[in-house]
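Here's the structure, in structure tokens; my notes come after.
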Amino acid sequence: MADEELEALRKQRLTELQAKHGDPSGDPTQQETKQREAEMRNSILAQVLDQAARARLSNLALVKPEKAKAVENYLIQMARFGQLGGKVSEQGLIEILEKVSQQTEKKTTVKFNRRKVLDSDEEDDDD
């Protein structure tokens with residue numbers, strides 16, 4: 001009885017992990033949905049960006065995929081609400097990149113924790 005319960009728990013945990021990490025051997029309908037979403041994103045971006053801007057965005061996606069995804073989402077949102085007047089040029093994309101960078105800018109701070117260390121020389125100075 002314990003072996004059967006243990007095996008059932010292992011299978012359940014395995015399916016949870018596969019779902020969490022997007023295992024490619026999982027549900028084919030999920031794969032189709034993801035593929036359709038990617039195709040829709042690409043078609044919208046093809047309509048919104050000119051050739052040089054698309055090249056810049058794809059180069060950015062190679063280096064910083066999370067920033068490229070944020071810019072793509074921003075462009076798609078602007079296109080859906082009709083805030084874009086024509087195709088975005090490379091210079092326009094650079095301006096959008098700067099806006100997104102300012103919004104997502106992380107400020108790094110360095111804090112030094114100085115420890116007081118007893119030095120044997122300090123004790124000898126009293127003599």
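Somewhere in region 102-112, is a residue in a loop (DSSP other than H, G, I, E, B), aliphatic (A, V, I, L, M) and open to solvent by 40 Å² or more (accessible area, probe 1.4 Å)?
The answer is yes, given that some residue of region 102-112 is in a loop (DSSP other than H, G, I, E, B), aliphatic (A, V, I, L, M) and open to solvent by 40 Å² or more (accessible area, probe 1.4 Å).
Out of region 84-99, which residues are at pLDDT 85 or above and either of a type in the set (Ser, Thr, Tyr) or touching a helix residue (DSSP H, G or I) at 6+ places or on another chain (Cβ under 9 Å) (or both)?
Listed by number, the residues that qualify are Lys87, Val88, Ser89, Glu90, Gln91, Gly92, Leu93, Ile94, Ile96, Leu97, Lys99.
Just one of Gln35, Gln30 is modelled with pLDDT under 85, of a type outside the set (Val, Ile, Thr) and surrounded by 10 or more Cβ atoms within 10 Å (Cβ to Cβ); which is it?
It is Gln30.
If you scan region 38-58, which residues turn out to be without any contact (Cβ under 8 Å) to a residue 12 or more places away in the chain, surrounded by fewer than 13 Cβ atoms within 10 Å (Cβ to Cβ) and over 15 Å from the mean Cα position of the chain (by Cα)?
Ala38, Glu39, Met40, Asn42, Ser43, Ala46, Gln51
Determine whether region 75-83 contains at least one residue that is free of Cβ contacts under 8 Å to residues at least 60 places away in the same chain, of a type outside the set (Val, Ile, Thr) and in contact with a helix residue (DSSP H, G or I) (Cβ under 6 Å, 6 or more places away or on another chain).
Within region 75-83 (the criterion being free of Cβ contacts under 8 Å to residues at least 60 places away in the same chain, of a type outside the set (Val, Ile, Thr) and in contact with a helix residue (DSSP H, G or I) (Cβ under 6 Å, 6 or more places away or on another chain)), the answer is yes, since at least one residue qualifies.
The values are calculated or read from the model by the stated rules, or taken from the named source; none is laboratory data. In this text, all values refer to a predicted model and were calculated from it rather than measured experimentally. So basically every Cβ, Gly included, is an ideal-geometry build from the backbone, and we count neighbours across all protein chains shown. Ligands, DNA and RNA are stripped out before the accessible areas are found, and what is left, the full protein with its side chains, is counted by its heavy atoms. Shrake-Rupley method; radii C 1.70, N 1.55, O 1.52, S 1.80 Å.
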